[in-house]
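Q: My questions will all concern the structure given below.
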Amino acid sequence: MFMEIEHSPQVIAVNQISFQFGSDFFLQIDHFQLAAGEVLGLLGPNGAGKSTFLRILGLLLKPSKGQVTLSDQPVNYGHRGLAQRRQVTTVFQKPILLDTSVQTNVTTGLKFRGIGRRQRNRMADHWLDLFGITHLAKRTARQLSGGETRRVALARAMVLEPRLLLLDEPFNDLDRESRQELQTQLRNVLKQVQTAVILVTHDLYESLGLVDRLGVMLHGKLVQQGSVAGVLDHPCNPQVASVVGMTNVWPAHITQKGSGKTCLHSGAITLNDPNLPGSTSSTLKIGIRPEKILLKPDSSASKTLPNQDDQHSSSKRYVSLQGKIIAWEPATPLVRIQVQLNDNYTSGQPCQTLNVLDFPERSHLNKLEAGSLVEVQIATKDIHIMPDFRHPERVSQNPID
Amino acid sequence: MQPIRDGFWEVLQLIKNGDPELYQATFLTLLTSGSAILLACIIGVPSGILLGLSRFPGRKLLVTLINTGMGFPPVLVGLFVFLLLYRDGPLGNLKWLYTPAAMVTAQVIIAVPLVIGVTLAAIGSLERDWFLQVRSLGASYGQTLLLLLKETRLGLAAAMMAGLGRILAEVGAVMMVGGNLKGETRVLTTSILMWVQRGDYELAIALGIFLLGIAFIANLCLTLVQQRAKERRTG
């Protein structure tokens, strides 16, 4: 885990907080901070503690231990904390609209803050317009569709001009079309403000266009945070890898060659002189992102390139493998292809199945379909080596495959 | 069916003649029931809100007790209040027995569990995270409470209607603690009971029709309020 040093003003910071809920839920965050204008995507499987963490950040839940600071001020959870609480707002996973008109819903928070009716309505109109729901202003909030409800909830939050905005699965159970529309609207809206945003999601791809930074939670802990590319390409352990969509993860082992050279094996994949992570005492795993794998028609069949030469010239930078496509299915807008690798090693490992994401056009062009033989190319730099981490308390419940 | 037909005739006669007994009983009915439902709401609504929001050991037991109280036999309440206010009872010094105050006391005790129960249901019908949502919009405690009353207004009106219905129909308890004293504690229900016992069924029916009319008008008013709230919601 590494931290980035922030230079812009810090909006919220937590230090060594923990929160216990019953006997089997425990949240512990050692250090976390967010600067003005920053958008962080918080990923993690269900039950990882994302929503609880969000409630702590939303000042709605007091941690059992540790301190939360808002703009460098320790948070007060009593009556006197109202002014602090009013700097933060949360849009919940299932936004609850008040039993009144859309306009009143959007202006209620402003009314709480003692803002006059005329100004309230003017501010509400502005945000209703930005989310494209001006026509709903007089409608009853409880009769809206899912997408409309989300937009009203977002407008109701944004109208408060919060310093910190927390979005809990804002695109959950929306159909594809309204999801994309809302993502675009939200991206445009967030560009215009200096609000720090935390976007909780369990769907990685929906958040990528919106966030500057990613954090990954597992078992009540923030296990990794960093730049989007850093987290996606270099997950710190196999569980994080599975959360961030690195679907090809296999155990690997090291063999020592003569003259001090090391060699890493994982089924059909062999790497010479790999860059091993710091501590090599634990067992290792390798991970490859599905979209970083290049599939070509089997070159021995197409005879376009001399296989031997290709192997030789790219021996440092590419790993070339042979395999057979066993499944081909659309995963809009991409296609998901499963390739069973020919196991050149008689290592006793079961045959590896490679998950590949490809563009449909390219896959059609290359005549890739179930049953065809393919050559698989993976850049050496795209093979990520990580220690095989298991959460000490949860080993039995969460076996890593 | 003869008494019912005669009853209709009788009630018109009574209204036309401005029968003092009818008007006195009606006035007392409105006075006791009205103040009782107001008091019951003043006690029951905040209690229901408090109980709906708090979590403590024994809460389930308390809720069960209240639900039982919703169907508690009024006669037993009457007996309890009677023993409370009896000359040698713990509150005997108040000298409330056989006064409207005693009747109101009994009616409040009868209606409070009902008001609490219905209020509890109204609070329970709010979404689980309603309070978090309102808090995250920056509401203070007072603002949260006001909004809560506004959001549950339909349920609260229902609580009032349920309580009032039970109080208006109540006879056993008010008979026991009020004593059906003419001009003092004789209300429409006790009056009906008395005329039935005396064999004047026409008069009893006439008073019954009048009582029904009052209940109808009271509920009509509350329903209209409820409807308007609903219309504002959907309009």
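Q: Across segment B:167-181, in residue order, what do the Karplus-derived ³J(HN,Hα) couplings come to in whole Hz, using 6.51 cos²θ - 1.76 cosθ + 1.60 with θ = phi - 60° and x for Gly and Pro?
A: 5, 4, 7, 6, 10, x, 5, 5, 5, 5, 8, x, x, 6, 7
Q: Moving on to the next point. Only Cα pairs within less than 10 Å get springs; with that Gaussian network setup on chain B, which residue of B:Val171, B:Val77, B:Val134 has the largest fluctuation?
A: B:Val134
Q: Right, next: How far apart, in nm, are the 7 Å Cα→Cβ label points at A:Ser178 and A:Arg317?
A: 4.8
Q: Now for a separate question. Tell me, which longest segment in chain B has none of the trypsin sites (Lys or Arg not before Pro) that fall in DSSP loops with at most 10 further Cβ atoms within 10 Å?
A: With a cap of 10 other Cβ atoms within 10 Å, the longest stretch comes to B:129-197.
Q: Using a simple spin-label model with points 7 Å from Cα along the Cα→Cβ vector, what separation in nm is obtained for B:Asn67 and A:Gln256?
A: 7.2
Q: Starting from the Cα of A:Lys261, draw a straight line to each of the lysines and keep only those under 17 Å, dropping any in the same chain fewer than 8 residues away.
A: A:Lys316
Q: Another one. So if I average 1/r over every pair of distinct C-alpha atoms in the protein assembly as shown and take the inverse, what Kirkwood radius in Å does that give?
A: 30.6
Q: Right, another one. Where a Cα-Cα gap under 16 Å defines reach, which lysines qualify for A:Lys296, not counting those fewer than 8 residues away within the same chain?
A: Answer for A:Lys296, where 16 Å is the Cα cut-off: A:Lys324, A:Lys367, listed by chain and number.
Q: Still on this model: So, counting K/R as plus one and D/E as minus one, what does the shell of residues with Cβ under 15 Å around B:Gly78 add up to?
A: Charge balance in the 15 Å sphere: 0.
Q: Where the centre of each part is set by its Cα atoms, how far does segment A:202-252 sit from segment B:120-199, in angstrom?
A: Cα centroid of segment A:202-252 versus Cα centroid of segment B:120-199: 55 Å apart.
Q: Sticking with this one: If you take the square roots of the eigenvalues of the alpha-carbon gyration tensor of segment A:115-218 and sort them as a ≥ b ≥ c, do you get rounded (a/c under 1.5), prolate (a/b over b/c) or oblate?
A: Oblate shape, in that a/c is at least 1.5 and b/c is the bigger or equal ratio.
Q: Turning to a different aspect of this structure: If you count, for every residue in A:50-58, the Cβ atoms of partner chains within 10 Å of its Cβ, what is the mean?
A: Average per residue, whole number: 1.
Q: Please give the FRET efficiency for B:Asn17 paired with A:Asp212, using the beta carbon to beta carbon distance and R0 = 60 Å, rounded to the nearest 0.05.
A: 0.10
Q: A further question on this structure: Assuming R0 = 51 Å, can you tell me the calculated FRET efficiency for the pair B:Thr144 and B:Val196, based on Cβ-Cβ distance, to the nearest 0.05?
A: Calculated transfer efficiency: 0.50.
Q: Enumerate the calculated ³J(HN,Hα) couplings along segment B:92-97 in order (Karplus 6.51 cos²θ - 1.76 cosθ + 1.60, θ = phi - 60°), each rounded to whole Hz, writing x wherever the residue is Gly or Pro.
A: x, 4, 5, 6, 8, 4
Q: Another question about this same structure. Shape call for segment A:48-117 from the C-alpha gyration tensor, a ≥ b ≥ c root eigenvalues: rounded (a/c under 1.5), prolate (a/b greater than b/c) or oblate?
A: oblate
Q: Gap in Å between the Cα centre of segment A:22-54 and the Cα centre of segment B:9-31?
A: 70
Here, each number is a calculation from the coordinates, and none is a lab measurement. Bear in mind that the values here come from a model prediction, so they are computed numbers and not experimental data. Counting neighbours? That spans all protein chains shown, and the Cβs are built from the backbone with ideal geometry, glycine included.
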